[in-house]
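The values are calculated or read from the model by the stated rules, or taken from the named source; none is laboratory data. None of the values given here were measured: they were computed from a predicted structure. A quick note on method: Cβ atoms are made from the backbone with ideal geometry, for glycine too, and the neighbour counts reach across all protein chains shown. All accessible areas refer to the heavy atoms of the entire protein, side chains included, with ligands and DNA or RNA removed. Shrake-Rupley method; radii C 1.70, N 1.55, O 1.52, S 1.80 Å.
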Amino acid sequence: PEAIQETLDFAIRHHFAAANFNPLIPMPDTKLYSRLMSQGKLIYDKWWLEKGYKYGDTVFYAGRMTPDELKEGCKNARFEFNTYRCIFKRLIRNRANLTPLNAFVFLVLNVVSRKEIHRKQGKLLGSPEESK
C-alpha cells in the first residue's frame with residue numbers, strides 16, 4: 001500500500017505533467033497473464049468478458065493488498081493527483097510550464113484528464129454512460 005503513496009508523492013514532487021494510477025491489468029496471451037493464471041491469482045479468467053467489470057477495478061490478487069485496497073489506493077492517487085490544487089502546484093512549480101503554449105497544453109491535458117477520471121470511475125466498461 002505504501003508504494004502507491006510513494007509513487008504519487010514522487011509524481012507530485014517532480015511536477016509530472018500527467019500520470020495514471022491504475023491497477024495492473026494482465027492482458028491475455030502474455031507471460032504475466034499466464035503466470036497469474038497458473039498461480040490462481042486472477043479474479044476472473046476472462047476479465048474483459050466479465051459483466052460486472054468496471055473502470056478502476058483490479059483483476060488479480062496482489063501480494064499485500066486485497067483487490068479492493070488496490071482499487072481504492074489507485075483511485076485515491078488518481079483523484080489526489082488531479083485535484084485543482086495539485087494541478088496548479090505542478091503547473092507553477094515547473095519552469096517549462098511557464099510559457100503560454102506549455103501552460104495552455106498542461107492545463108488542457110489536466111482538466112480533460114480530471115474530468116474523464118471522475119466520469120469513468122466505477123462505470124461499467126462499454127456502458128452507454130461510458131461513451132458520453
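Scanning segment 36-48 for residues that are loosely packed, with under 13 Cβ neighbours inside 10 Å and in a helix (DSSP H, G or I) yields Ser38, Trp48. The set of residues in segment 81-104 that are among the β-branched types (Val, Ile, Thr), assigned to a helix (DSSP H, G or I) and either without any contact (Cβ under 8 Å) to a residue 24 or more places away in the chain or within 18 Å of Glu6 (Cβ to Cβ) (or both) contains only Ile92.
For Arg78, state whether it is assigned to a helix (DSSP H, G or I), among the basic types (Lys, Arg) and open to solvent by less than 60 Å² (accessible area, probe 1.4 Å). It is true that Arg78 is assigned to a helix (DSSP H, G or I), among the basic types (Lys, Arg) and open to solvent by less than 60 Å² (accessible area, probe 1.4 Å). Would you point out the residue of segment 1-27, among those that are of a type in the set (A, V, I, L, M), part of a helix (DSSP H, G or I) and in contact (Cβ under 8 Å) with a residue 40 or more places away in the chain, that is surrounded by the fewest Cβ atoms within 10 Å (Cβ to Cβ)? Top of the filtered list is Ile12.
Considering only residues of segment 107-129 that are at pLDDT below 95 and touching a helix residue (DSSP H, G or I) at 6+ places or on another chain (Cβ under 7 Å), which is surrounded by the most Cβ atoms within 10 Å (Cβ to Cβ)? Once the filter is applied, the top-ranked residue is Ile117.
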